[in-house]
Amino acid sequence: MSLQIGKIASIRTSIWNRRRFQFSVGLLLAIIAPWALRIVLADQDSDLRGLQTAVIGTAIALAAGYYGFRRLSLLPGARASYHIVPSFAISYGIVLAVFFFARLDYSRLQFVASFVLCIAWYYTVYFNLQRQHRLRIGVVPFGDVKAALEITDVSWIYLDDPKSNPGPLDAIVADLHAEIPEEWQRFLADEALAGSLVMHVKQVQESLTGRVAIEHLSENNFGSLIPGIVYAKVKRLADAVTALVVLPIAAPFLVLIGIAVRLDSRGPILFRQKRVGFRGRVFTMYKFRSMMHRPAATEDPRTDAVTRSDDERVTRVGRILRRTRVDELPQLINVLKGEMSWIGPRPEAVALSDWYEKELPFYRYRHIVRPGITGWAQVTQGHVAEVDDVLWKLHYDFYYIKNFSFWVDVLIIARTIRTIFTGFGAR
């Protein structure tokens, strides 16, 4: 469980949950302590050269990393422990890059010590919060609230009487669309005026699970699922720039992978497949071939497009590529062409997309944003193909569209790094 999940902020605060405490002690341990030790142990002035630069840089890195860490921890289902290292690795890495390209002299010992102590401190904060707190959410017993009670890692307190005292609660949830008796309405109003967090059950479900239910979307729901136009344009520019930077750097690596694919089995190095993308347009997606090459499909196109668990068609090299997601790297070409983004709903094969559109309501709506090499559904659910599983995948895709933002993308990047190392959801 994260430090704070979604919009649910803990009312029962402790010193460990206070941001000033977390940040101030972080500065003391990770910036001031190694600086003071370096001053004491220095034999001559030359040992202190660049120390001031390192102190300023690491202080900026810690502040930026802490801000990013807090923002990521507020997102749905975000385990803070997964994002401590990525958050601070990115901020310290950016500062280190500035030092390198600006050719600034800095203390490497101060920099390394600051990073290690910073990570150690915020893991200490995380584990203390984990030991102290489990969300306690009161439930008003009217309307459709049963689905929320199935969510784990939360202590759901069923409220029987508006006058009873259930003890300290982090939030109170109710189906605000249901017919709620007047005494319960007064109870909710009184709790809100007293500073308690009162939320609609759908908001809580979205915050805790990172999914948006789509079975009964109204026109208003569709309006709320329109992604930010400004961020979409900025993201498209960032996609193109980063792809242009990454492609020449990754080129030697891509060549080596291509040789490995070619030596492992007969067939082309690249796998090409028609996928449905942005605004429903069909495009050719590129991947490193990870399966035995067959000139023509021998099965039903829909069945042929599905990768099954322990699929016998997967090659030896292909199994490694799929587990680490390295087979997706040729999609840099699709990103440069504007057909894909680094992050977005995964594009489906035309045969599968046609099947899902017939079976699932509102499936085409996921094409309102560019498809991605990685995405919220991929890092949360993994690879799926059956209609029932795809329905859940749509819930994740719609959550991404509704919360289309820089910070959700950062969270997906952090989870993608974890996925590469764990192989989560690979087939």
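May I ask you to derive the FRET efficiency for Asp354 and Glu312 from their Cβ-Cβ distance with R0 = 25 Å, giving the value to the nearest 0.05?
With R0 = 25 Å, the Cβ-Cβ based efficiency is 0.45.
Find out how many positive minus negative residues lie around Arg19, taking Lys and Arg as positive, Asp and Glu as negative, among other residues whose Cβ is under 13 Å from that of Arg19.
+4
Short version: what are the Cα gyration tensor semi-axes of segment 136-209, square root of 5 times each eigenvalue, largest first, in whole Å?
Here the semi-axes work out to 18, 14, 11 Å.
Please find the FRET efficiency linking Val112 to Arg272, where r is the Cβ-Cβ separation and R0 is fixed at 30 Å, and quote it to the nearest 0.05. Display every interim value, and only then the final one.
Details: r = 45 Å, r/R0 = 1.51.
Using R0 = 30 Å, I get an efficiency of 0.10.
Rounded, prolate or oblate: pick one for segment 229-422, where a ≥ b ≥ c are the square roots of the eigenvalues of its C-alpha gyration tensor, a/c under 1.5 means rounded, and failing that, prolate if a/b is larger than b/c, else oblate.
It comes out oblate by the Cα gyration axes.
Name the residues whose placed amide hydrogens come within less than 5 Å of the amide hydrogen of Met340, ignoring near sequence neighbours (fewer than 5 apart) on the same chain.
Val335
Would you pull out the residues with amide H under 5 Å of Leu135's amide H, same chain only if 5 or more places away, H placed 1.01 Å from N?
Result for Leu135 returns Ser155.
Once amide H atoms are placed 1.01 Å from N in the peptide plane, what residues at a sequence separation of 5 or more from Gln273, or on another chain, have their amide H within under 5 Å of its amide H?
For Gln273, the qualifying residues are Met285.
If I model a spin label as a point 7 Å beyond the Cα along the Cα-Cβ vector, how far apart are those points for His200 and Leu104 in nm?
Here the modelled spin labels are 4.7 nm apart.
Quick one: if the Förster radius is 41 Å, what FRET efficiency do Thr124 and Trp156 give, using the C-beta to C-beta distance and rounding to 0.05?
Computed FRET efficiency for Thr124 and Trp156 comes out at 0.90.
With label points built 7 Å along Cα→Cβ from the Cα atoms of Ala250 and Asp264, find their separation and express it in nm.
Going by the 7 Å Cα→Cβ label model, 1.7 nm.
The numbers here are math on the coordinates, done by the rules we state, and not lab data. Predicted model, so just to flag it, every value in this text is computed and none were measured. Note: ideal-geometry Cβ built from the backbone for every residue, glycine included; neighbour counts use all protein chains shown.
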